[in-house]
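Data first, discussion second: the structure below is written as structure tokens.
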Amino acid sequence: MSFKLNTSIFSMGIIISIFLFMNGVLSKYTGLYLSTFLIHLLGLIPAVILFFIFEKNETKNILPTFKANKLIFLGGTIGVIITLANNFAVYNIGVLLMTLSMTAGQFICSSWIDFTGSFGFKKRKPSTRDYLAIALVFSGVILISI
Amino acid sequence: MYFLGIIISFVAGFLLILSKTCNMSLSKNIGVYGSNMLNYLTGLVLSGIFLAASYFFGNPETPDFSQIPLYVYLGGPLGAAAIIISNFTMSKTTVITTTIIALAGQMAGSMVIDTFLLNIPPKPNTFLGSVLILCGVVLFLIRDKKQSEEIVVEKTSSD
């Protein structure tokens, strides 16, 4: 993997922690549901601008894709549940604990996808090392919960 | 509330990977920016329904928007930026590798925020828990790296 790719993914992590914090602050002022609505409204504006600048021609593919596979359109709706959960957690447990708990959840989900080959990813057989890794992650979650 | 916050965040993390995977599949069909736009559009519709339901069934207070610091409105656009980067990078590597590197960035960012903005110093058990979680994740990284190398070797020999 290239340095550029690694740096991009690392930056994405930093951006996620910053926007989780900002969303938490917004929810403190406006409440859980209004903040979630505002976050999506404000995120939609740059998203629409970028789409019409770079991928205007892709508009014709939206309907056929929706007819072929409706499930892949669920990303945004799942995102609403995640935003509600984050906004609730920021002021109850802090950004670091929230990040650690979310990390454990992401790790378990990624492992599940890799081991089952779900969503078209390459399937891989879990080893003893993988089970040990999962046990370590769960132990870590238990420790931070105390 | 403390334990509930941790459980809810754990579930949110699980859902985050599902959401990213959906967005990545969608981006293969309609492009990265199209996927990002639809992600926010469908999210806006559902959050609008939740908001309407909260007004209909509950009794929410009307917020004073003049009290809200302007920088917090950047959360949405930053989220859009993260989705775009995620869509670009996940198709170039495995899910677990993306998760591991992004996690390092998230932990670094959240430590800085907690220490300098929220004045919350990390507790000893949080530190020990983070080390265990990181060790578990690194164990996966080693195997993932080995598998990637094996794939490269297989491709080279077949060429």
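A few notes on this one:
- As a summary of the residue check, B:Ala52 satisfies the conditions (1) within 19 Å of the chain's Cα centre (by Cα); (2) surrounded by fewer than 21 Cβ atoms within 10 Å (Cβ to Cβ) except for the one numbered (1).
- Taking the numbered list (1) within 18 Å of the chain's Cα centre (by Cα); (2) among the aliphatic types (A, V, I, L, M); (3) within 7 Å of another protein chain (Cβ to nearest Cβ) in turn, A:Val90 passes all entries but (3).
- Which numbered condition B:Leu46 fails, given (1) closer than 25 Å to A:Ala104 by Cα; (2) within 7 Å of chain A (Cβ to nearest Cβ); (3) in contact with a Gly (Cβ under 9 Å, 6 or more places away or on another chain): (1)
- Test: residue in the range B:17-28 that is out of contact with any Ser or Thr (no Cβ under 6 Å at 6 or more places or on another chain), of a type in the set (Gly, Ala, Ser) and within 8 Å of another protein chain (Cβ to nearest Cβ): yes
- Selected residue (only one of B:Asn23, B:Asn36 is over 23 Å from A:Arg124 (Cβ atoms), buried (at least 19 other Cβ atoms within 10 Å of the Cβ) and in contact with a Leu (Cβ under 9 Å, 6 or more places away or on another chain)): B:Asn36
- Residue check, A:Ile142 surrounded by fewer than 16 Cβ atoms within 10 Å (Cβ to Cβ), closer than 30 Å to A:Phe21 by Cβ, of a type in the set (A, V, I, L, M) and more than 7 Å from chain B (Cβ to nearest Cβ): yes
- Restricting attention to the range B:61-87 and to residues that are surrounded by 16 or more Cβ atoms within 10 Å (Cβ to Cβ) and more than 7 Å from chain A (Cβ to nearest Cβ), the residue that is modelled with the highest pLDDT turns out to be B:Ile84.
- Considering the conditions (1) modelled with pLDDT of 90 or more; (2) surrounded by fewer than 24 Cβ atoms within 10 Å (Cβ to Cβ); (3) facing another protein chain (nearest Cβ under 7 Å), A:Leu5 is excluded by exactly one of them, (1).
The values are calculated or read from the model by the stated rules, or taken from the named source; none is laboratory data. Nothing here was measured: the structure is a model prediction, and the numbers come from that model. Counting neighbours? That spans all protein chains shown, and the Cβs are built from the backbone with ideal geometry, glycine included.
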